[in-house]
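I have placed the structure first, in the form of structure tokens, so that the comments after it can refer back to it.
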Amino acid sequence: MQELPIHCVNLKAFRTSLNMSQREIAVKLGITQSTYWRIENGVINPSYKFLERLANSFPNVNLNELLFEREYSSCICNITA
């Protein structure tokens with residue numbers, strides 16, 4: 001089994017740190033749970049629109065860190081759903 005891209009690992013860590021299900025975060029982002037699942041599991045890459053919605057829904061999130069940092073610790077600090 002292939003290792004997931006870092007953005008997938010970080011998105012899951014971020015979501016679980018908020019105690020949100022995939023369905024809950026998908027609703028907050030205005031996308032389907034299926035689309036969110038596909039992004040989080042590396043089936044598809046996040047689109048610009050997805051990133052824009054993520055940034056608007058969670059303004060304290062550093063997208064650069066969330067998408068590219070090996071260990072994204074910011075996702076568990078000072079974030080509210």
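The values are calculated or read from the model by the stated rules, or taken from the named source; none is laboratory data. None of these values were measured; they are calculated from a predicted model. Virtual Cβ from ideal backbone geometry, glycine too; neighbours counted across all protein chains shown. Areas reflect the complete protein model, heavy atoms only, side chains present, ligands, DNA and RNA absent. Shrake-Rupley method; radii C 1.70, N 1.55, O 1.52, S 1.80 Å.
Looking at the range 60-70, is at least one residue surrounded by 15 or more Cβ atoms within 10 Å (Cβ to Cβ), under 10 Å from the mean Cα position of the chain (by Cα), in a helix (DSSP H, G or I) and at pLDDT 95 or above? Within the range 60-70, none of the residues are surrounded by 15 or more Cβ atoms within 10 Å (Cβ to Cβ), under 10 Å from the mean Cα position of the chain (by Cα), in a helix (DSSP H, G or I) and at pLDDT 95 or above. Contact map, the range 50-69: first residue more than 10 Å from residue 7 (Cβ to Cβ), second residue at pLDDT 95 or above and not in a helix (DSSP H, G or I), Cβ cut-off under 7 Å, separation 6 or more or different chains; pairs are 50/31; 53/30.
Every condition in (1) surrounded by 15 or more Cβ atoms within 10 Å (Cβ to Cβ); (2) over 11 Å from the mean Cα position of the chain (by Cα) is met by residue 29 except one, and the failing one is (2). Here is the figure for the range 5-26: residues that are in a loop (DSSP other than H, G, I, E, B), over 16 Å from residue 63 (Cβ atoms) and open to solvent by less than 70 Å² (accessible area, probe 1.4 Å) total 2. Taking the range 32-50 as the range and being open to solvent by less than 50 Å² (accessible area, probe 1.4 Å) and either charged (D, E, K, R) or touching a Phe, Trp or Tyr at 6+ places or on another chain (Cβ under 6 Å) (or both) as the test, only 40 passes. Kindly establish whether residue 45 is part of a helix (DSSP H, G or I) and of a type outside the set (A, V, I, L, M, F, W, C). Here the answer is no, as residue 45 does not meet what is asked.
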